[in-house]
Amino acid sequence: MAKQEEKVGVVIVGHVDHGKSTLIGRLLHDTDSLMDGKFEEVRASCARRNVPFEWSFLLDAFQAERDQAVTIDTTQIWFKSKKRPYVIIDAPGHREFLKNMISGASFADAAILVVDAAEGVREQTKRHAYILHLLGLKQVVVAINKMDSVGYGEKRFNEVRGEITAYLADIGIAPQAIIPIAAREGDNIAKKSDKMPWHKGLSLLEQLDTFSPAAPPVEKPLRFPVQDVYRFDGRRIIVGRITSGVLRKGDTLVFSPSNRSAIVTSIEKWNAPHDILSAQAGESVGITLDQPIYAARGDVASHAEQAPMLTHDFRANIFWLGKEPLRAGKRYKIKLATAEATVTVQSIDRVIDTGDLARAEKDFVAVNEMAVVTFHSRETIALDPFADNHDTGRAVIIEHQDVVGGGIINMDGLADLRALRLATQENLTAVDHLLTAEARALRNGHRGMVVWLTGLSGAGKSTLAMRVERALHTKGMQTYVLDGDNVRRGLNADLSFTAKDRSENIRRIGEVAALMADAGLIVITAFISPFLADRRAARAAAGAGFHEVYVKADLDTCEKRDPKGLYKKARSGAIEDFTGISSPYETPETPELVVDTSENDVDECVGMIVDHVLQNARGLSQLTYKEASAER
């Protein structure tokens with residue numbers, strides 16, 4: 001055996017019954033990659049069942065598949081040539097299983113597109129080829145299969161080759177080779193066949209050996225999507241996988257979309273024997289920073305001079321898998337690397353017929369259709385055009401916890417908010433405050449902080465906020481409550497109750513609360529603030545002084561209370577997009593405090609919040625709320 005190289009992942013795609021599984025079974029057999037006795041076991045099983053032997057039975061492990069003679073899931077299996085190991089991904093051809101095909105193809109370095117020589121290019125052939133284009137696979141070989149069924153004729157091969165070549169050219173795919181094969185008979189699979197002497201090119205296995213593993217994009221700008229933040233030995237370790245570029249100790253990183261920056265003081269790896277000075281694309285690492293800036297899952301760390309784009313609007317070439325059509329105005333959740341965001345379909349720009357690549361003007365996208373769609377996000381998101389960076393330029397679309405689509409991003413004609421912000425900031429001059437946070441804390445007797453109460457309408461946020469403020473005031477603390485009444489009448493009087501304006505309402509409140517906390521006040525907010533993204537933005541504004549308090553109460557309890565009659569109106573349809581009824585509430589993931597108002601009375605809940613504030617604003621040595629109340 002020659003020296004083994006790094007494995008290559010190859011996805012096998014094509015129309016159902018064009019012979020993909022047969023091709024793989026033959027590859028395994030002809031490269032001696034089957035487990036001992038596997039071939040004999042399957043052949044004996046076919047004899048017992050009185051069915052003809054099929055090479056595909058070597059892969060189709062599910063009984064249902066053998067009964068139906070159809071692959072219903074992606075199968076990953078290893079084989080090896082004399083040059084290297086491979087992992088083959090057998091993707092199902094039926095349109096009902098298109099999602100499995102996409103999942104398999106997304107992990108591949110290269111693709112084999114199988115076309116039946118007799119049937120030629122079919123609808124599913126074109127759909128699979130288009131998805132290969134969307135996924136950015138460049139190493140593609142076309143295998144024109146079942147040449148035995150057309151008498152190994154060169155004329156028919158040339159006809160099918162011309163048909164598939166023309167289609168691939170239209171979608172920007174240039175196959176490395178187009179090879180005539182007969183998978184059932186083993187022709188041109190592991191070695192050249194003497195039945196097609198007119199074919200002067202390589203066998204399929206020889207062609208695979210010319211492919212390379214996808215190289216980690218080390219030369220591209222740094223992208224380090226944050227997966228999580230660990231606390232260990234008193235340190236905050238930000239962890240994730242570097243998807244492109246190189247990260248070095250001492251680098252100044254900017255975290256998008258917050259734009260906060262810090263210097264890398266260490267790079268961490270499990271059981272690393274020495275100090276790590278750098279890490280590169282493909283490595284999973286942890287980093288520590290020189291200051292405790294707020295960074296969370298979904299943020300993207302980069303170098304400031306080559307940072308990702310920031311936007312509320314982006315365009316994507318998508319494939320749609322949902323049972324319900326995608327329509328303008330509908331909301332979905334998207335995933336970009338480790339980030340999640342709620343988006344609204346702003347417009348369906350065009351629907352693409354993968355058969356003839358015609359562009360139809362439609363107001364919906366049906367299952368298995370491709371389209372160009374413009375999305376709007378409530379929050380600022382960080383991304384790259386797919387052409388610049390594959391990992392941060394792909395989006396997955398989620399509805400009801402299920403994957404319903406995905407695609408690649410382009411930003412042609414859309415603004416980069418980072419560039420606009422930088423242009424604005426060029427005219428601003430920072431002025432240093434002469435008073436420090438420590439000086440304000442010394443005068444007030446406590447640090448400033450934001451106590452952010454979130455929960456369903458009727459959970460008790462406003463009641464608790466007012467009573468907590470009074471309790472803290474009696475202890476000599478500087479406090480203020482922000483709620484809907486005092487904010488909507490002035491600061492946010494220009495905002496309506498659309499989804500966009502509700503998000504802007506919370507953004508402004510978060511910024512104002514952060515300024516008030518910086519001035520040394522304990523700011524208590526009482527807002528439903530149903531979305532994680534909006535609360536993350538408020539946390540980013542206030543930094544370490546932000547304390548999220550989840551005022552917990554189940555929906556039944558809140559409806560029974562219904563102090564303003566809002567649930568009744570929402571149930572009757574008088575109020576649209578009402579949280580808990582027709583709009584979701586995203587439960588806090590890691591709040592600093594949870595108070596359950598359905599299990600505890602008001603005084604107990606107030607006591608829990610006041611004690612938390614005392615411990616964090618003054619220090620653990622202070623009396624608790626209950627002790628202070630007893631003394632009074």
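The values are calculated or read from the model by the stated rules, or taken from the named source; none is laboratory data. These numbers come from a predicted model, not from an experiment. Here Cβ is always computed from backbone atoms with ideal geometry, including for glycine, and neighbour counts include all displayed protein chains.
Within segment 543-559, if we keep just the residues that are assigned to a helix (DSSP H, G or I) and at pLDDT 90 or above, the residue that is farthest from TYR585 (Cα to Cα) turns out to be GLY545.
Restrict the check to segment 519-532 and report whether at least one residue is in a loop (DSSP other than H, G, I, E, B), β-branched (Val, Ile, Thr) and more than 21 Å from ARG447 (Cα to Cα). Scanning segment 519-532 turns up at least one residue that is in a loop (DSSP other than H, G, I, E, B), β-branched (Val, Ile, Thr) and more than 21 Å from ARG447 (Cα to Cα). Taking the criterion of being among the β-branched types (Val, Ile, Thr), surrounded by fewer than 19 Cβ atoms within 10 Å (Cβ to Cβ) and at pLDDT below 90, would at least one residue in segment 604-627 satisfy it? Scanning segment 604-627, I find at least one residue that is among the β-branched types (Val, Ile, Thr), surrounded by fewer than 19 Cβ atoms within 10 Å (Cβ to Cβ) and at pLDDT below 90, so the answer is yes. If the condition is being assigned to a helix (DSSP H, G or I), touching a strand residue (DSSP E or B) at 6+ places or on another chain (Cβ under 8 Å) and touching a residue at least 24 places away in the same chain (Cβ under 8 Å), then segment 156-202 contributes PHE157, VAL160, ILE164, LEU168.
Residue-by-condition table, conditions (1) under 28 Å from ALA307 (Cβ atoms); (2) modelled with pLDDT of 95 or more; (3) of a type in the set (Phe, Trp, Tyr); (4) assigned by TED's automatic domain parsing to the domain that holds LEU383:
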{"position": "ALA177", "(1), (2), (3), (4)": "no, yes, no, no"}
{"position": "PRO180", "(1), (2), (3), (4)": "no, yes, no, no"}
{"position": "ARG184", "(1), (2), (3), (4)": "no, no, no, no"}
{"position": "HIS199", "(1), (2), (3), (4)": "no, yes, no, no"}
{"position": "GLU219", "(1), (2), (3), (4)": "yes, no, no, no"}
{"position": "TYR230", "(1), (2), (3), (4)": "yes, no, yes, no"}
{"position": "ARG236", "(1), (2), (3), (4)": "yes, no, no, no"}
{"position": "LEU253", "(1), (2), (3), (4)": "yes, yes, no, no"}
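Selection within segment 566-589: residues that are farther than 18 Å from SER503 by Cα and touching a residue at least 24 places away in the same chain (Cβ under 8 Å). The member of this set that is surrounded by the fewest Cβ atoms within 10 Å (Cβ to Cβ) is GLU589. Return yes or no: is ALA517 under 32 Å from the mean Cα position of the chain (by Cα) and in contact (Cβ under 8 Å) with a residue 12 or more places away in the chain? So ALA517 does not fit the description; no. Among the residues making up segment 303-357, those that are within 30 Å of ILE164 (Cα to Cα) and over 20 Å from the mean Cα position of the chain (by Cα) are LYS323, PRO325, ILE348, ASP349, ARG350, VAL351, ILE352, ASP353, THR354, GLY355, ASP356, LEU357.
The condition of being of a type outside the set (Ser, Thr, Tyr), assigned to a loop (DSSP other than H, G, I, E, B), surrounded by fewer than 16 Cβ atoms within 10 Å (Cβ to Cβ) and not assigned by TED's automatic domain parsing to the domain that holds VAL404 holds for GLY282.
Looking across segment 380-400 at every residue that is more than 12 Å from the chain's Cα centre (by Cα) and under 21 Å from ARG327 (Cα atoms), the one that is modelled with the lowest pLDDT is identified as HIS400.
Looking across segment 176-189, the residues that are in contact with a Leu (Cβ under 8 Å, 6 or more places away or on another chain), buried (at least 19 other Cβ atoms within 10 Å of the Cβ) and of a type outside the set (S, T, N, Q) come down to ILE179, ILE181, ALA183, ILE189. Just one of the listed residues (ARG502, ARG508, ARG489) is under 17 Å from GLY455 (Cβ atoms) and out of contact with any Ser or Thr (no Cβ under 7 Å at 6 or more places or on another chain), and it is ARG502. Across segment 127-155, what is the total count of residues that are at pLDDT 90 or above and either within 30 Å of PRO385 (Cβ to Cβ) or not in a loop (DSSP other than H, G, I, E, B) (or both)? Counting residues in segment 127-155 that are at pLDDT 90 or above and either within 30 Å of PRO385 (Cβ to Cβ) or not in a loop (DSSP other than H, G, I, E, B) (or both) gives 13. Where helices (runs of 4 or more DSSP H) fall wholly inside segment 1-106, the ranges with 1 or more residues that are modelled with pLDDT under 80, exposed (fewer than 15 other Cβ atoms within 10 Å of the Cβ) and among the charged types (D, E, K, R) are 38-49, 63-68. No other residue among GLY322, GLY298, GLY329 is at positive phi and in contact (Cβ under 8 Å) with a residue 60 or more places away in the chain apart from GLY298.
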